[in-house]
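We did not get these values from a lab; they are worked out from the coordinates using the rules stated. This structure is a prediction, so every number in the text was calculated from the model and none was measured. All Cβ positions, glycine included, derive from the backbone under ideal geometry; neighbour counts span all protein chains shown.
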Amino acid sequence: VILFGPANKTPMNPILEGLVTTLNTNGTVNVSPMGPHVEEGMRILHLRPFQTSETYRNLVRDRTGVFHVTDDVEMLARAAVDRLEGEPDLIEIEGVPAPILAGACRWFAFELHTIDDAHPRALATAHVTQQGFLREFFGFNRAKHAVLEAAILATRLPLLAPAELHAQMNQWRPLVEKTGGPAEHRAWAFLEGFIAEALTAS
Ligand SMILES: Cc1cc2nc3c(=O)[nH]c(=O)nc-3n(C[C@H](O)[C@H](O)[C@H](O)COP(=O)(O)O)c2cc1C
């Protein structure tokens, strides 16, 4: 019973959208956008991969991966729908089990401590074992944010009514037009093309 004051609720750790690399069984790298809840200091990541994802399967098998902070929304958009153009530039560091994306800003190699598969979206608690800095983060940009939102929409097409999808895309498009650079324009055009193709096919 609360006698006075606000309920003593621990605030949720924020989600940090980034790219996770894991190793596929054939030795190639799998790159997927994932948004773990991150604990302060980035020592623990609470990943929530759908059990249908390749990332989930690789994590269950190897229990390791690398989480990347990046501002490269073009790679994020393509990776979200499994349309990367070739293998991205990678860095291998001794003791880091999965490859590191050379174009990322920061990387965090992690080991899974627990994985709970009671729900379609599993909950994996990962401890960061090594980390590194590659380059500065660009900073806030509304076009990058718009591309990120559109990439999320592109991964949820079966769950969205076309009218809702178009309404959301129309809401984000002006941000790309007004504030994007060439990479954001390319990423946006790619996602629009991907979505149009998927809608025609369905
Ligand atoms: C910004 C962003 C965040 C995402 N976060 C998650 C996530 O936390 N868990 C998840 O299962 N999928 C997430 N997705 C969707 C996956 O990236 C997408 O389903 C991808 O195709 C999975 O690839 P994989 O099967 O190679 O692992 C996210 C997508 C975007 C664009």
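Assorted remarks:
- Residue among THR155, THR114, THR129, THR125 that is under 20 Å from ALA77 (Cβ atoms) and of a type in the set (Ser, Thr, Tyr): THR155
- Matching residues, the range 161-184, being surrounded by 15 or more Cβ atoms within 10 Å (Cβ to Cβ) and closer than 23 Å to THR52 by Cα: LEU165
Each row is one residue, and each column tells you yes or no for (1) under 20 Å from ALA183 (Cα atoms); (2) loosely packed, with under 15 Cβ neighbours inside 10 Å.
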position	(1), (2)
LEU16	no, no
THR22	no, no
ILE44	no, no
GLN51	no, yes
ASP62	no, no
MET75	yes, no
ASP89	yes, yes
VAL96	no, no
GLY103	yes, no
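- Some residue of the range 102-124 being among the β-branched types (Val, Ile, Thr) and within 16 Å of the chain's Cα centre (by Cα): no
- Residue that is farthest from VAL128 (Cα to Cα), among those in the range 81-97 that are touching a residue at least 40 places away in the same chain (Cβ under 8 Å) and within 13 Å of the ligand (Cβ to nearest atom): ARG83
- If you check HIS127, HIS119 for being outside any helix (DSSP H, G or I), touching a strand residue (DSSP E or B) at 6+ places or on another chain (Cβ under 8 Å) and surrounded by fewer than 17 Cβ atoms within 10 Å (Cβ to Cβ), only one passes: HIS127.
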